[in-house]
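Colleague: Let me give you the structure first, and then I'll get to my questions.
Every number here is computed from the coordinates shown, using simple stated rules; none is lab data. Worth saying up front: this structure is predicted, and the values here are computed from it rather than measured. Positions of Cβ are backbone-derived with ideal geometry, glycine not excepted, and every protein chain shown enters the neighbour counts.
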Amino acid sequence: MTPLRRYLSLYGALCRISIIQEMMFKVNFLLWIVVEGLWFALQLAFMGVLYEHTDSIGGWTKWEVILLSGASQFLMQLVSITFMSNLTNLSEMIRTGKLDFFLLLPVNARFLISTRKFEVGNVVNALMGLMVMGYALHRLRIEPSLLQWVGFMILCGAGFVVHYSMMFLLASIAFWTVRAQGIVWSYYNLFNIARLPDAAFPRGAFRAVFTFVVPMLLVSNVPVKLLTDRLGSPREMILLASMALGCFLVSEWIWRRAIRQYTSASS
């Protein structure tokens, strides 16, 4: 078996186990979907209220911003599906010594730590984001080409890597601070910034920080700009791809450094 097939097979097994565990508590599973759905609906309602008083925000119309909100919801739920709960639990694994068992397994430890639990309930909420996007495109009378959709998914993949790398980096701080759940959740809460167009923020320190340091304004805005023909040049796409690569390499460097100085909970 090739390494790729081996890891895909392992991830499939982890997903099956997660689904079985979720189905043991069906009411909790359904309530989580409802709560997340209501939260997303409130976000859309808030946008509706804003546009009762203005025709555009930073040059973006109501349905363009709703399209952006749908894309942000889709990306945020992908993050939750795959690794959110896993990374917030890393500090607890370090504190209790459970991390030792993952490091001893004949599998890449970072892969296993990041993917051991699959949040199946968030799949429905990710589909909600896609449905909102589809309706917003219909209202805008925009029919993206196949090439635009392919580019959109590639850019979403780059944004996904950015979020994963940033959250893994923050979770790795637990090797020095023992507890880091609050830091990871704080980053997750910043996702709300991505629901607004970058043009709505004046040029300055705030916009620079959330573009180049914590790239929230890039990860949702750039894919949606591609669908709506708002990209004047490929510069923003190149920037997003570069940020994805850079964030991943930095997170890997921090991870390797943290593992080298890790002495386990029992030593």
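Colleague: Just rank LEU140, LEU196, LEU30, fewest to most, by other beta-carbon atoms within 10 angstrom.
Modeller: Lowest to highest Cβ neighbour count: LEU30, LEU140, LEU196.
Colleague: May I ask for the Kirkwood hydrodynamic radius of the range 57-111, worked out over all distinct Cα pairs and given in angstroms to one decimal?
Modeller: Over the range 57-111, the inverse of the mean reciprocal pair distance is 14.2 Å.
Colleague: For the range 72-84, what does the Karplus curve 6.51 cos²θ - 1.76 cosθ + 1.60, with θ = phi - 60°, yield as ³J(HN,Hα) per residue in whole Hz, taken in order and with x for Gly and Pro?
Modeller: Taking θ as phi minus 60°, the curve returns 5, 4, 4, 5, 4, 6, 4, 4, 5, 4, 8, 9, 4 Hz for the range 72-84.
Colleague: A further question on this structure: Specify the inter-centroid distance of the range 26-80 and the range 140-188, based on alpha-carbon positions, in whole Å.
Modeller: When both Cα centres are located, 17 Å separates them.
Colleague: Oh, and also: I want to check a number: in the range 3-261, how many lysine pairs have alpha carbons closer than 30 Å, given a sequence separation of 8 or more or different chains?
Modeller: Total qualifying Lys-Lys pairs in the range 3-261 comes to 4.
Colleague: Regarding the range 3-261, what's the average projected area of the Cα-atom convex hull, expressed in nm²?
Modeller: That works out to 15.3 nm², a quarter of the Cα hull's surface.
Colleague: Calculate the length of the line joining the C-alpha centroid of the range 112-134 to that of the range 230-267, in whole Å.
Modeller: If you average the Cα positions of each part, the centres end up 22 Å apart.
Colleague: Same structure, new question: Using the Cα centre of the chain as the reference point, and only Cβ charges (+1 on K/R, -1 on D/E), how large is the resulting charge dipole? Debye, rounded to the nearest 20. Each step should come with its number before you reach the end.
Modeller: Working: 22 positive and 13 negative charges, 142 e Å.
In debye, rounded to 20, the chain gives about 680.
Colleague: Could you give the angle, 0 to 90 degrees to the nearest 10, between helix 3-23's Cα long axis and the longest principal axis of the Cα atoms of the chain?
Modeller: 80
Colleague: Which of the peptides 160-166, 131-137 is most tightly packed, and how do the rest follow, judged by the mean count of other Cβ atoms within 10 Å per residue?
Modeller: The packing order, highest mean first, is 160-166, 131-137.
Colleague: Then there is this: Residue by residue, what Karplus-based ³J(HN,Hα) values in Hz, rounded to whole numbers, does the range 90-106 have, using 6.51, -1.76 and 1.60 with θ = phi - 60° and x for Gly and Pro?
Modeller: With coefficients 6.51, -1.76 and 1.60, one gets 4, 5, 5, 5, 5, 5, 8, x, 5, 4, 4, 5, 5, 6, 8, 6, x Hz.
Colleague: Please give me the summed charge of the neighbours of ARG179: other residues whose Cβ is under 13 Å from its Cβ, Lys and Arg +1, Asp and Glu -1.
Modeller: Its environment carries a net charge of 0.
Colleague: Would you mind ranking HIS138, HIS53 so that the residue whose beta carbon has the fewest other beta carbons within 10 Å leads the list?
Modeller: Listed from fewest to most nearby Cβ atoms, that is HIS53, HIS138.
Colleague: Only counting other Cβ atoms within 10 Å, I'd like TRP39, TRP60, TRP32 sorted with the fewest neighbours first.
Modeller: With the sparsest Cβ surroundings first, the list reads TRP39, TRP32, TRP60.
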